[in-house]
Amino acid sequence: QNEKKKKINNNKIRNMKKPEVTEEELKNEENLYILEKRPQAEKVSGGRIIIDFVKSLKPGVDLANQCSPTFALKPMSILEWFGHLMAPNNALMQVPGIKSETKRLLVIAKYLLKGISTIPQVGIQQCKGYNSVLGEQFKCQWKHDDGTTSRYVAEQVSHHPPMSAVYFEHTEKKINFSATLKPTVTLTSSLTSPYILGKFEGRQIINVTLASGENEQYIVQLPQFAARNLIGLIGDSYGELTDYLIVTCPKTGLELKLEFKSSNKVSGHIRNAKKKKVYKVQGVITGKVVCSSYETKKNINALF
């Protein structure tokens, strides 16, 4: 009887229909990438899987060593995901030639905000990259409008705890961004619902060689990420930025400090070497962020 059951089950497996893919889709690599993501593309909010996952954890536990539900993983490694966050824009390429030290800091802020603005989302599907194995590497490059190239390389240098070393450079413009990133993800309890809090420990440094030949360094502290309303009793679960983005320049004494609040709102200021507030920054990270002068009260730049 057991052998008959096995034969019946095997016949069922053979008769199962495979997903149909048209020849046109097979010829298009972009469509293949979309097809690969389709099973995970649906919005996930609450549900038995999330409830069971949260119940199996204790508040304060480090989720870096836990197996995350598959729908929470992006179809890429965390090394590649870091590359998306650090992808350069045309504004960053202009930093070495900008004479104003304040405007240079604002452009650096615009570059960083563009990368992290992709993090907030509705639902918690595809909210993190999968952990890379020890020694794994990821390399890529970007071609710019002026014909120059930026290059990026990342390597997983530790498995327990997970830690990545990443490096981006534009040799012609003499700009580089080096970072050691140790992601920590913990489950935190609250009065309404448990939530997941993630942050990147380590140093992130942007180095720029100015047109004058002087070297300038920007030390970066990235904000944290929170996945809230996991149980989804009221509304959808969602991911948002929290805590602070801090950028300091030891050479000029300038400091940018932005606080991320609920509903993706962000506000903060720039202080000069004398710790005086000179510019105000406010807006919505998923919409528009502007900078205004404390002295004139006028907007001087749209950061994002």
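The values are calculated or read from the model by the stated rules, or taken from the named source; none is laboratory data. Being a predicted model, the structure only gives us computed values, none of them experimental. Note that we place each Cβ from the backbone using ideal geometry, even for glycine, and neighbour counts take in every protein chain shown. All accessible areas refer to the heavy atoms of the entire protein, side chains included, with ligands and DNA or RNA removed. Shrake-Rupley method; radii C 1.70, N 1.55, O 1.52, S 1.80 Å.
Filter segment 151-191 down to the residues that are free of Cβ contacts under 8 Å to residues at least 24 places away in the same chain and in a loop (DSSP other than H, G, I, E, B) and list them by number.
Correct list: 171, 190, 191.
Taking interchain pairs and intrachain pairs at least six residues apart, which have beta carbon atoms under 7 angstrom, with the first residue in segment 125-150 and under 14 Å from residue 79 (Cα atoms) and of a type in the set (S, T, N, Q) and the second open to solvent by less than 70 Å² (accessible area, probe 1.4 Å) and in a loop (DSSP other than H, G, I, E, B)?
131/162
What pairs come out if I take residues in segment 78-96 that are of a type in the set (Gly, Ala, Ser) and pair them with residues that are assigned to a helix (DSSP H, G or I) whose C-beta lies under 8 Å away, six or more apart or interchain?
Correct list of pairs: 87/115; 91/107; 91/110; 91/111.
Quick check on this structure: which one of 287, 283 is assigned to a loop (DSSP other than H, G, I, E, B), open to solvent by less than 50 Å² (accessible area, probe 1.4 Å), farther than 15 Å from residue 220 by Cα and modelled with pLDDT under 95?
Answer to the selection: 287.
Tell me the strands (runs of 3 or more DSSP E) entirely within segment 194-251 that contain at least 2 residues that are surrounded by fewer than 19 Cβ atoms within 10 Å (Cβ to Cβ) and polar (S, T, N, Q).
204-209, 215-221, 238-248
Got a number for residues in segment 252-268 being within 18 Å of the chain's Cα centre (by Cα) and either open to solvent by less than 30 Å² (accessible area, probe 1.4 Å) or more than 19 Å from residue 118 (Cα to Cα) (or both)?
Matching residues across segment 252-268 total 3.
Residues of segment 170-181 being surrounded by 16 or more Cβ atoms within 10 Å (Cβ to Cβ) and out of contact with any Lys or Arg (no Cβ under 6 Å at 6 or more places or on another chain), which ones?
Selection gives 170, 173, 174, 175, 176, 177, 179, 181.
Could you tell me whether any residue of segment 80-91 is at pLDDT 80 or above, buried (at least 19 other Cβ atoms within 10 Å of the Cβ), not aromatic (Phe, Trp, Tyr) and not in a helix (DSSP H, G or I)?
For segment 80-91, residues at pLDDT 80 or above, buried (at least 19 other Cβ atoms within 10 Å of the Cβ), not aromatic (Phe, Trp, Tyr) and not in a helix (DSSP H, G or I): present.
Given (1) out of contact with any Asp or Glu (no Cβ under 6 Å at 6 or more places or on another chain); (2) buried (at least 17 other Cβ atoms within 10 Å of the Cβ); (3) of a type in the set (Phe, Trp, Tyr), where does residue 167 come up short, assuming only one miss?
(2)
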